[in-house]
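*Asks:* If you scroll down you'll find the structure; I have some questions about it.
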Amino acid sequence: MNIMGYTVFIEPLENLPITAKQVINTINPHSYITAKNDGKFKEALLDSDLLIPDGSGIVLAAKQIYNQNIEKIAGSDLHIFLLEKLNRENGKVFYMGASQNTLKKIEKKIQKEFPNITVQSYSPPFKPIFTDEDNEIIISHINAFSPDVLFIGMTAPKQEKWLHQHKSLLNFKVASSIGAVFDFYAGTVQRPSQFWLDLHLEWLPRLLKEPKRLWRRNFISTPLFLYELFLYKIGFKH
């Protein structure tokens with residue numbers, strides 16, 4: 001489904017087409033607005049093999065534009081779906097991003113919950129821009145393991161742009177930028193309960209816990225996205 005210029009996968013995850021060297025990313029109101037002012041980020045999103053609707057705003061847009069009800073697919077949902085698939089197939093998963101502490105917790109949890117999966121990880125330097133040497137080291141760690149699934153967790157838009165830039169140099173079957181899911185799965189950050197998810201208000205408890213980091217997303221990006229949606233509906237498509 002084309003939602004305001006982006007082709008979004010709207011079927012259940014069970015129907016997800018898995019192909020070789022495939023990049024699956026997420027789109028939500030914040031990433032949509034960010035991409036309007038970040039050409040490289042927009043290119044990374046548009047060049048994704050699949051974009052999943054990780055945001056109630058995208059669900060709302062589908063309803064307003066096409067009068068069609070679609071389900072939100074969070075990065076956490078994609079993460080578990082792919083882990084379950086790997087566990088059935090005795091596959092390999094690599095996590096790149098986050099702190100060493102978070103990655104150790106992820107590996108321990110994977111070994112307990114998905115014993116048929118082989119897992120490795122790498123914590124990159126904490127800096128806005130990686131040097132060529134940093135990138136070479138990151139790529140060598142990933143390629144030495146050659147994972148079936150590669151998860152990138154460095155927050156948007158850095159993670160999507162990094163994956164897009166280095167895709168051709170990386171050995172993987174499926175790669176996805178899932179940001180906060182690393183911390184959710186590790187338990188270092190508590191994901192909102194199902195109560196808030198069902199109300200499409202997952203953003204509210206997260207905002208209350210991390211106001212400095214998330215205020216722009218909720219008080220600037222969301223209203224701007226709704227304005228863009230209004231313009232799109234009345235025919236001012238851009």
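We did not get these values from a lab; they are worked out from the coordinates using the rules stated. The shown structure was predicted, so the numbers you read here are calculated from the model rather than taken from an experiment. Virtual Cβ from ideal backbone geometry, glycine too; neighbours counted across all protein chains shown.
*Asks:* Counting pairs of Cα atoms in the range 41-90, how many percent are more than 14 Å apart?
*Replies:* Every Cα pair in the range 41-90 considered, those over 14 Å come to 65 percent.
*Asks:* How far is helix 132-145 tilted, in degrees, relative to the longest principal axis of the Cα atoms in the chain, given as a value from 0 to 90 rounded to the nearest 10?
*Replies:* 70
*Asks:* Tilt of helix 75-89 relative to the longest C-alpha principal axis of the chain, in degrees (0 to 90, nearest 10)?
*Replies:* 40
*Asks:* What list of ³J(HN,Hα) values in whole Hz, one per residue of the range 61-68 in order, does the Karplus curve 6.51 cos²θ - 1.76 cosθ + 1.60 (θ = phi - 60°) give from phi, with Gly and Pro shown as x?
*Replies:* Karplus-based 3J(HN,Hα) across the range 61-68 equals 4, 4, 5, 6, 7, 10, 6, 10 Hz.
*Asks:* Can I ask one more? For labels at Leu226 and Glu107 in the simple 7 Å Cα→Cβ model, what's the distance in nm?
*Replies:* Between Leu226 and Glu107, the simple spin-label model gives 4.5 nm.
*Asks:* Hey, can you grab everything whose amide H is under 5 Å from the amide H of Ile3? Only 5+ residues off in sequence or another chain; H modelled, so Pro and N-termini drop out.
*Replies:* Close amide H contacts, sequence-distant or interchain: Val8.
*Asks:* P(r) of the range 2-233 in 10 Å steps, Cα pairs, percent per bin?
*Replies:* Calculated over all Cα pairs of the range 2-233, the distribution is 7, 33, 38, 19, 3 percent.
*Asks:* Using helices alone, what [θ] at 222 nm do you get for the chain, with -39,500 (n - 2.57) per DSSP H run of 4 or more residues, divided over all residues and rounded to the nearest 500?
*Replies:* Rounded to the nearest 500, the figure is -14000 deg cm²/dmol.
*Asks:* Now a separate question. Let me test this: with uniform point scatterers at the alpha carbons of the range 61-143, what is the Debye-based log₁₀ I(q)/I(0) at q = 0.14 1/Å?
*Replies:* -0.65
*Asks:* Please report the antiparallel percentage of the DSSP beta bridges confined to the range 2-233, to the nearest 5.
*Replies:* Beta bridges within the range 2-233, antiparallel portion: roughly 10 percent.
*Asks:* Something else about it: Can you list the residues, at least 5 places off or on another chain, whose amide H is less than 5 Å from the amide H of Val189, using H built in the peptide plane?
*Replies:* Counting only residues 5 or more places away or on other chains, the set is Phe184.
*Asks:* What is the extension gain from Met1 to Ser140, computed as 0.36 nm multiplied by their sequence separation minus the C-alpha to C-alpha distance, in nm to one decimal?
*Replies:* Result for the pair: 46.4 nm of gain on full extension.
*Asks:* For Phe126 paired with Glu89, estimate the spin-label separation in nm (one decimal), with each label point 7 Å from Cα along the Cα-to-Cβ line.
*Replies:* So the two model labels end up 3.5 nm from each other.
*Asks:* Which of the trypsin sites (Lys or Arg not before Pro) across the range 2-89 are loop residues per DSSP, with 15 or fewer other Cβ within 10 Å?
*Replies:* Here the trypsin sites (Lys or Arg not before Pro) that fit, given the DSSP loop and packing criteria, are Lys21.
*Asks:* Also, I was wondering about something else. Near the amide H of Gln22, under 5 Å away, which other amide H atoms are found, from residues 5 or more places off or on another chain, if H is placed in the peptide plane?
*Replies:* Amide H neighbours of Gln22, under 5 Å, 5+ apart: Val174, Ala175.
*Asks:* I've got another one for you. Set the Förster distance to 22 Å, then compute FRET efficiency between Ile234 and Leu13 from the Cβ-Cβ distance, nearest 0.05.
*Replies:* Between Ile234 and Leu13 the formula returns 0.10.
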